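*Asks:* Sharing a structure below in structure tokens format, with a few things to ask.
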Amino acid sequence: MDATPTDTGEALARPAGWRGVAADWSSDQRAFKNVSWGKAMMWIFLLSDTFIFSCFLISYMTVRMSTTVPWPNPSEVFALTIGGTSVPLILIAIMTFVLISSSGTMAMAVNFGYRRDRVKTAALMLMTAAFGATFVGMQAFEWTKLIHEGVRPWENPWGAAQFGAAFFMITGFHGTHVTIGVIFLLVIARKVWRGDFDQEKQGFFTSRKGRYEIVEITGLYWHFVDLVWVFIFALFYLW
Amino acid sequence: MVTVLQARTRGMTLMRMPLTVWGIFTATVMALLAFPALFVGAVMMLLDRLLGTSFFMPSLVEMGQHLQHSGGSPILFQHLFWFFGHPEVYIVALPAFGIVSDLISTHARRNIFGYRMMVWAIVAIGALSFVVWAHHMYVSGMNPYFGFFFATTTLIIAIPTAIKVYNWLLTLWHGDIHLTVPMLFALAFIVTFLNGGLTGLFLGNVVVDVPLSDTMFVVAHFHMVMGVAPIMVIFGGIYHWYPKITGRMLNEALGRFHFWVTFLGAYAVFFPMHYLGLLGMPRRYPEIGETSFVPDSAATLNAFISVAALAVGFAQMVFLFNLIWSLSRGRQAGGNPWNATTLEWQTPETPPGHGNWGKELPVVYRWAYDYSVPGAERDFVPQNQPPARRATWEAAP
Ligand code: HEM
Ligand SMILES: [Cu+2]
């Protein structure tokens, strides 16, 4: 019997404006039309992760405001001596630049993914991963330098003990996110390169034939991690 | 959460979903947004303990020794914890709200009263519960002006909560109430939840809370509202869905025994705690010793509570026995013993086979509460039954 009844009630005229949005949302099968569950899950994860970083940053700001001992001056702490002069925040500026550039290459990768350009997509993803790895490398350098200068989670030579605590905790969490992103990028880039998404080969993260959606999902994560860095940069280093 | 958003069956619009699903869905959204604060609080506490940081630890003298910590803020921990903690109480409560709505509607053979209002109340409670957390901190030493703000938001939450209680009562009103075991538990839920909700209103006011905070009154409040009430629903839910899961009914006589001992016993345990709290008995003490304000008779009451608790514990053994015994000896249930409308009762097999529906997914034509519809053949119309017009068309050769 192919005449399965599929109508599920009166078809209503589609209302305009907010009512239309509400009607779309509450209609059957899918709240987000044309969005796969994979993408929806990434958005939902990012929403939750936003709350995590917000809690970290708000806690840090509370601690910084309520501590009785003066807070070390970030411009001096995060300065590098180059050719005899001390340049404030120079390393952080370069790190920020690298990470923002990686967002650019990621956006291009997603774009070529839409066009199913296997080689360019994979190459741009690899470039993004390289930028990410550079960022983590520079962060490792910064940690080493500060540790040499005597910064510890429980003390530092210049002021409130919470400085080191908040610094290692927040940059540590962000660096972990970047590292995970790099690994994720490498895994997906390899799959793109091999053409997994063109042959519909079964496996982890393999979607339907000719769909590079996972590239876009990886991109969502990557842009998010970049955005978080902007807030860390503004609230920890510039404040 | 994504299942509810993206993988509903054909015809299952959001406003046709059973309230059980609405409750669980909203609770998962809240969990997603509340657990981050718990996670961050836990990470910072771990760093304080393991690495010697001082996020939460102020300068402290312990056993005559000055600890290595300085300058941390214990109130920050409380904020993080309760930003999670208060939504958490509703993460527990909302699925119970949803389930109990379905139990009441099914076992009173009556459509849920004010379905839309019920849905919006669930959503409103979920949203509001993110802005009331500091009502747990009136006596913490936070900025006293916060108390006013949080008391206001806290009391506002009582409005959607009260709407739900009224709607449950109005569903029962003129209903054909079957006093089955699930219905008994659902009624018990209303009684205990109402009790705990009212004491919540007391505690929500700063001036009333200051003397009551950290007394047994708080213990009474949250056990009524979060301990007993949702557990009543869990039991009700188990008695309701066990036949679908196993194909057999739970034993009714044992179920009634279990219900009465649990319900009355739980009341005997927690009701006297209100009184103890008003006497000023602090919570969290294994033994009070001598005080100027707690009379000796309080000890008698405490002993009574212990006895009642043992009785309730015993009743749970009976329940466990029932679960196991009915697995092989229970009465055969058939596919839909309660004549319920929701999809799980319409599966081709009981217990449902792999994938629940066999080859074809069901199509939904109506909401979940078509009970006692005038003019209908039976007193319930399953969600996947096509409208009459369609049915005649289908029957035509
Ligand atoms: C009208 C609704 C409610 C109001 C106004 C309210 C208010 C309060 C207040 C002010 C406190 C703090 C008492 C103190 O420590 O001094 C409290 C404690 C508590 N409430 Fe409620 N509440 C309500 C509903 C609920 C619900 C529905 C639940 C759970 C399902 C719940 C669970 C708890 C718990 C677990 C505590 C104790 C936390 C602790 O260990 O300190 N409350 N409530
Ligand atoms: Cu609360």
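The values are calculated or read from the model by the stated rules, or taken from the named source; none is laboratory data. Please read these numbers as outputs of a predicted model, since none were measured by experiment. Glycine gets a Cβ as well: all are built from the backbone with ideal geometry, and neighbour counts include every protein chain shown. To get the accessible areas, we keep the full protein, side chains included, count just its heavy atoms, and leave off ligands, DNA and RNA. Shrake-Rupley method; radii C 1.70, N 1.55, O 1.52, S 1.80 Å.
*Asks:* Going from the alpha-carbon gyration tensor of chain B, what semi-axes, largest first and in whole Å, does one get by taking the root of 5 times each eigenvalue?
*Replies:* Over the Cα atoms of chain B, the ellipsoid semi-axes are 44, 26, 20 Å.
*Asks:* Oh, and also: About the Cα centre of the protein assembly as shown, how large is the charge dipole given +1 on each Lys and Arg Cβ and -1 on each Asp and Glu Cβ? Please answer in debye to the nearest 20.
*Replies:* 1680 debye
*Asks:* How tilted is helix A:90-114 with respect to the longest principal axis of chain A? Cα atoms for both, answer in degrees (0 to 90, nearest 10).
*Replies:* 10 degrees
*Asks:* Could you tell me how many cubic angstrom of Cα convex hull volume segment B:189-338 has per residue?
*Replies:* 109 Å³
*Asks:* Return, for the Cα atoms of the protein assembly as shown, the radius of gyration and Dmax in Å, separated by a comma.
*Replies:* 29.5, 95
*Asks:* Keeping every protein chain in place, order A:K145, A:K120 by accessible area at 1.4 Å, biggest value first, i.e. largest first.
*Replies:* A:K120, A:K145
*Asks:* Using θ = phi - 60° and the Karplus form 6.51 cos²θ - 1.76 cosθ + 1.60, what ³J(HN,Hα) does each residue of segment A:134-139 get, whole Hz, x for Gly and Pro?
*Replies:* For segment A:134-139, the Karplus-derived couplings read 4, 4, 5, x, 5, 5 Hz, x marking Gly and Pro.
*Asks:* Hey, could you grab the Kirkwood Rh for segment B:1-153? Inverse mean 1/r over distinct alpha carbon pairs, Å, one decimal.
*Replies:* Hydrodynamic radius (Kirkwood, Cα only) of segment B:1-153 equals 18.1 Å.
*Asks:* For helix B:181-204, what angle does its Cα long axis make with the longest principal axis of chain B, in degrees from 0 to 90 and rounded to 10?
*Replies:* On a 0 to 90 degree scale, this one is about 30.
*Asks:* Enumerate the amide H contacts of B:T53 below 5 Å, restricted to partners 5 or more residues apart or on another chain; note that Pro and chain-start residues carry no placed amide H.
*Replies:* It is B:D48, by chain and number.
*Asks:* Could you compute how much accessible surface A:V136 exposes when probed at 1.4 Å, giving the result in Å² to the nearest 10?
*Replies:* 40 Å²
*Asks:* For chain A, list log₁₀ I(q)/I(0) at each q in 0.07 Å⁻¹, using the Debye formula over Cα point scatterers of equal strength and ignoring solvent, two decimals each.
*Replies:* Debye output, listed in q order: -0.35.
*Asks:* Let me ask something else. What Kirkwood hydrodynamic radius do you get for segment A:59-185 when you take the inverse of the mean 1/r over all pairs of distinct Cα atoms, in Å?
*Replies:* Radius from the Kirkwood sum: 16.4 Å.
*Asks:* Against the globular-protein guess of 2.2 N^0.38 Å, express the Cα radius of gyration of segment B:350-389 as a ratio, rounded to two decimals.
*Replies:* The reported ratio for this selection is 1.39.
*Asks:* Report the charge-dipole magnitude of chain A in Debye, nearest 20, computed about the Cα centre from +1 at each Lys and Arg Cβ and -1 at each Asp and Glu Cβ.
*Replies:* Charge dipole of chain A: 520 debye, to the nearest 20.
*Asks:* Same structure again: Which whole-Hz ³J(HN,Hα) couplings does segment B:135-150 yield from phi under the Karplus relation 6.51 cos²θ - 1.76 cosθ + 1.60, θ = phi - 60°, glycine and proline marked x?
*Replies:* These are the phi-based 3J(HN,Hα) values: 5, 8, 10, 4, 9, 7, x, 6, 3, x, 5, 4, x, 4, 4, 6 Hz.
*Asks:* Moving on. Of A:G175, A:V87, A:V69, which is farthest towards the positive pole of segment A:39-238's charge dipole, taken about the Cα centre with +1 and -1 on the beta-carbons of Lys, Arg and Asp, Glu respectively?
*Replies:* Projecting each Cα onto the dipole axis, the largest value belongs to A:G175.
*Asks:* Let me ask something else. Ranked from the most accessible area to the least, with a 1.4 Å probe and all protein chains present, what is the order of B:Y90, A:Y60?
*Replies:* These residues rank, largest area first, as B:Y90, A:Y60.
*Asks:* Note the full-extension length gain between B:N143 and B:L179 as 0.36 nm times their separation in residues minus their Cα-Cα distance, in nm to one decimal.
*Replies:* Additional length available on full extension: 7.9 nm.
*Asks:* Determine, from the Cβ-Cβ distance of A:T68 and A:V35 and an R0 of 60 Å, the FRET efficiency 1/(1 + (r/R0)^6), rounded to the nearest 0.05.
*Replies:* With a Förster radius of 60 Å, E is 0.75.
*Asks:* Moving on to the next point. Can you list residues from other chains, or at least 5 along the same chain, whose modelled amide H is less than 5 Å from the amide H of B:M12?
*Replies:* A:Q29, B:V364
*Asks:* Determine the calculated [θ] at 222 nm for the protein assembly as shown from helices alone, applying -39500 (n - 2.57) to every DSSP H run no shorter than 4 residues and normalising by the residue count; nearest 500 deg cm²/dmol.
*Replies:* -21500 deg cm²/dmol, from helical runs alone.
*Asks:* Here is a follow-up. Over the whole of A:165-176, what's the average partner chain Cβ count within 10 Å per residue? Rounded to a whole number, please.
*Replies:* 2
*Asks:* When only the heavy atoms of the protein chains count and the probe is 1.4 Å, how do B:F97, A:F184 rank by accessible area, highest first?
*Replies:* The ranking, largest first, comes out as A:F184, B:F97.
*Asks:* Given the protein chains as shown and a 1.4 Å probe, how many square angstrom of B:E287 are accessible, to the nearest 10?
*Replies:* 150 Å²
*Asks:* Mind jotting down the three principal axis lengths of segment B:217-287 based on Cα atoms? Whole angstrom, largest first.
*Replies:* 51, 19, 18
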